[in-house]
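The values are calculated or read from the model by the stated rules, or taken from the named source; none is laboratory data. Quick caveat: nothing in here was measured; it's all calculated off a predicted structure. Cβ coordinates were reconstructed from backbone atoms using ideal geometry, including for glycine residues, and neighbour counts include every protein chain displayed. We work out accessible area using only protein heavy atoms, side chains counted, and drop any ligands, DNA or RNA first. Shrake-Rupley method; radii C 1.70, N 1.55, O 1.52, S 1.80 Å.
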Amino acid sequence: MERIERIHSLHRILSASRYPVTVQRLQEDLECSRATVYRDLAYLRDYLMAPVVGNGEAGFRYDHSEGERFELPGLWLSSEELHSLLAAQQLLIRSGGGVLSNALAPLQHRIEKLLDEHAGGRRVPVERVRVIPHRTRKLDETSFRIVATAVLDRKQLSFEYRARSTDEQTRRLVSPQRLTHYRENWYLDAWDHNREALRSFAVDRISAAKLGEQAAQDVADDQLDSHLASSYGIFSGTPKGWATILFSPKAARWVADEHWHSQQQGRYLPDGRYELKVPYSAGRELLMDVMHYGSDAEIVEPPVLREQARALLQLALSNYDR
């Protein structure tokens, strides 16, 4: 955790606590050493003029007579909060001119006001911070609206679906469960009546969508989470097993800070390489992410996934042997 985020978190803890907070708890919450806790408390009290009172034995808190009035100066938003606000703001801007403009204008003003408040009254030059979409796909807006309506109104849905992997087009009848926004694109999680199983569909591959009259068959949340969120990425399902990937010392600096899966396991090896283990069901997306690292990544296990990676790399190499 960077210092600015630690100070922000420390301020939140002290503001919310009615009783002194021990140094041990602050160490655990801030994920830092005892010495760092004391340095951050001193910085908060001496440089930011926070009403910190207490000692290392009894713990620390804000003086109740002043704590409610104290606010951190400047832009004290976490990286996630800032990203969320700016992403929402820029999404609203991109919708400009449409039927939503007037309805969303108050929300736009509230976001700008919130940014200004966290900047201590100064204007926040939001044009200096950008949220750039990456590899978004073009959607058929009519199909998207019908899909979203089916999800929210709990109606069955039929559509033409062209699979990206095979380019085969089929007609599907589904009971929509959830809309998922993942890696800048939309996916429909649904019960496929033809295959009698849960499936995820890329909405950009859906066409000729038609809202049905029959009520959608609901699937329990725990079943959805177990099937669609237990494995790697959007290509989810019951995990087949665990994949083990080794990254070079150079790539290790990046991968060690990345979130691949909620159950991932990672460790540095004595030679500086990084070993990452993730559960997976279908290997396609995992292979794509591993190959993003090129020669700095190697799939060790399972053997079948390693062979798939070898085959893909050989096919890629053949394009340069012509």
### Query
What list of ³J(HN,Hα) couplings, whole Hz, do you get for region 201-210 from phi and the Karplus terms 6.51, -1.76, 1.60, once you set θ to phi - 60° and write x for glycine and proline?
10, 6, 5, 5, 9, 8, 9, 6, 6, 9
### Task
Starting from the Cα of residue 238, step 7 Å along the direction of its Cβ; do the same at residue 17; then give the gap between the two resulting points in nm.
4.7 nm
### Message
What whole-number distance in Å separates the alpha-carbon centres of region 143-166 and region 40-55?
### Response
55 Å
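Can you give the FRET efficiency for residue 139 and residue 42, using 1/(1 + (r/R0)^6), R0 = 51 Å, r = Cβ-Cβ distance, to the nearest 0.05?
Values: r = 52 Å, r/R0 = 1.03.
My answer for the efficiency is 0.45.
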### Query
Quick one: if you stick a label point 7 Å off each Cα along the C-beta vector at residue 24 and residue 308, how many nm between them?
4.7 nm
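What percentage of the solvent-accessible surface of region 173-303, computed with a 1.4 Å probe over protein heavy atoms, is contributed by carbon and sulfur atoms?
On the way: 3340 of 6900 Å².
The nonpolar share, carbon plus sulfur, comes to 48 percent.
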### Task
Could you tell me the accessible area of residue 250 in Å² (1.4 Å probe, neighbours in place), rounded to the nearest ten?
120 Å²
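Go ahead and run the numbers for FRET between residue 64 and residue 254, Cβ-Cβ distance against an R0 of 51 Å, rounding to 0.05. Provide the component values of the computation, followed by the final result.
Details: r = 45 Å, r/R0 = 0.88.
Taking R0 as 51 Å, the efficiency between residue 64 and residue 254 is 0.70.
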### Message
Sort 160-167, 144-151 by the packing proxy (mean of other Cβ within 10 Å over each peptide's residues), most packed first.
### Response
144-151, 160-167
### Query
With all protein chains present and a 1.4 Å probe, how do 28, 196 order by accessible area, largest first?
196, 28
### Query
Working out 0.36 nm times the residue gap between residue 160 and residue 182, then minus their Cα-Cα distance, what length gain in nm do you get to one decimal?
5.8 nm
### Task
Using the heavy atoms of the protein chains and a 1.4 angstrom probe, tell me the accessible area per residue for region 11-73 in square angstrom.
63 Å²
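Mind ordering 314-320, 17-23, 48-54 by average Cβ neighbours within 10 Å, highest first? Walk me through the numbers before you get to the answer.
Numbers: 314-320: 8.4, 17-23: 14.6, 48-54: 17.1.
Top to bottom by mean Cβ count within 10 Å: 48-54, 17-23, 314-320.
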### Query
What spacing in nm lies between the two simple spin-label points modelled at residue 173 and residue 298, each 7 Å away from Cα in the Cβ direction?
5.2 nm
